[in-house]
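The structure appears below as structure tokens.
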Amino acid sequence: MSAVTAADVAVWQDATSERFASIRCVPVSDDFHGVLDTRLFGGGVSVTSVRSSGLTISRSETLLRSAPSDEILLALQVASTGRLRQNDSVAHVETGGGVLFDAGRPYDIDNTAPGQRQLVLRLSRRAIPAASSDIAQACARPLAAGESTLRVLSTMSQTVFDEATELNWESRESLGEALLVTVGALIRATGGQPSRTAQQLREMRRFIEAHLNSDDLGVPQIAAALFVSARTVHEAFAAAGDSPAAYVRRRRTAKAKSLLIDGASVQEAAALSGFKDSSTFIRAFTKEHTQTPAAWRRQQSSGIRSIDSNGADYEAASRSRTA
């Protein structure tokens, strides 16, 4: 697969959708630039060097329905910083760190810091030598730069990317298997039983999900329902790089997005997702997505088909390579 240099975010969006999963990109400024270069290995593994100016990336429920995927992505942050949100978790990624995420579920990536550079591994979920539950638990959790298995994987990924063009396919097959084994070891190293704080956080999130429509949903209500202090609620969310208020707002906005796609009006989506009024909803939505709910719905409807065709073409090509 040839390298792509893009000065147009639409070209970048198509190229990244082709290599990873159908996504939507919004640049920080009109002066966008980016370079993608991909190496293919055995076991359905690809390693892509990604360099770009600042942007945000989203894979919505709508894009997921139009172009499903059963693959896992691992972003290794070579330079700058980023943030990924998936499965109601937020992972802040520092230089030298990384994050696993599931291309089969919606996600949002904030790579608005300048000088973005990543190595992104695309992996078949079924080929990773780790239990499905361990893979799911490892996704959307920040991988610290100092973690030994991550350092080994980062060095290996950069080396095989640099040397790939000099290798025959038999060597690439072996290296792909080695990358899969190392990713499996990394996933197992991040596993284990969840901490008490993580268990409490799951319970808090379940309570919030069940009471999104409640007008008085907040820290006092969460704390009372789970028989913990308000401080415990704040600390549980802070451990995940989040806050109760931000989480509630995101879940309400996510519910409203689904309603908008299904044809609800802005007023209906606001009321059914727990916002006090449509003005509060519009402000919260615009803060998160830098556009109004109505504009977002129009944009979602306009670009799905072209992105889907790119993703579908790549899925077919991937199947033919691994057949």
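Worth a mention:
- Tally of residues being farther than 26 Å from L201 by Cβ, among the hydrophobic types (A, V, I, L, M, F, W, C) and in a loop (DSSP other than H, G, I, E, B) across the stretch 230-272: 1
- Residue match in the stretch 50-64 (condition: without any contact (Cβ under 8 Å) to a residue 12 or more places away in the chain, under 23 Å from I261 (Cα atoms) and either surrounded by fewer than 17 Cβ atoms within 10 Å (Cβ to Cβ) or touching a strand residue (DSSP E or B) at 6+ places or on another chain (Cβ under 9 Å) (or both)): no
- Single residue of P106, P129, P142 found to be touching a His at 6+ places or on another chain (Cβ under 8 Å) and assigned by TED's automatic domain parsing to the domain that holds L64: P142
- Qualifying residue in the stretch 52-70 (condition: on the phi < 0 side of the Ramachandran plot, hydroxyl-bearing (S, T, Y) and in contact with a Phe, Trp or Tyr (Cβ under 6 Å, 6 or more places away or on another chain)): yes
- Filter result (more than 16 Å from R117 (Cβ to Cβ) and hydroxyl-bearing (S, T, Y)) within the stretch 1-60: S2, S17, S22, S29, S46, T56, S58, S60
- Count of the stretch 83-123 residues which are touching a residue at least 60 places away in the same chain (Cβ under 8 Å), farther than 21 Å from R19 by Cα and of a type in the set (V, I, T): 1
- Identification of helices (runs of 4 or more DSSP H) wholly contained in the stretch 116-225 with 3 or more residues that are under 26 Å from D88 (Cβ atoms) and either acidic (D, E) or at pLDDT below 95 (or both) yields 132-138, 169-189, 196-210.
- Checking each residue in the stretch 146-167 for being closer than 14 Å to L119 by Cα, out of contact with any strand residue (DSSP E or B) (no Cβ under 7 Å at 6 or more places or on another chain) and not basic (K, R) picks out V152, L153, T155, M156, T159, D162.
- In the stretch 217-256, the qualifying residues are those that are exposed (fewer than 14 other Cβ atoms within 10 Å of the Cβ) and over 22 Å from E288 (Cα atoms), and the one that is nearest to the chain's Cα centre (by Cα) is R231.
- Test: A15 is small (G, A, S) and surrounded by fewer than 17 Cβ atoms within 10 Å (Cβ to Cβ): no
- If you go through the stretch 77-135 and pick out every residue that is basic (K, R) and buried (at least 19 other Cβ atoms within 10 Å of the Cβ), you end up with 2.
The values are calculated or read from the model by the stated rules, or taken from the named source; none is laboratory data. Just so you know, these numbers come straight off a predicted model, no measurement behind them. Counting neighbours? That spans all protein chains shown, and the Cβs are built from the backbone with ideal geometry, glycine included.
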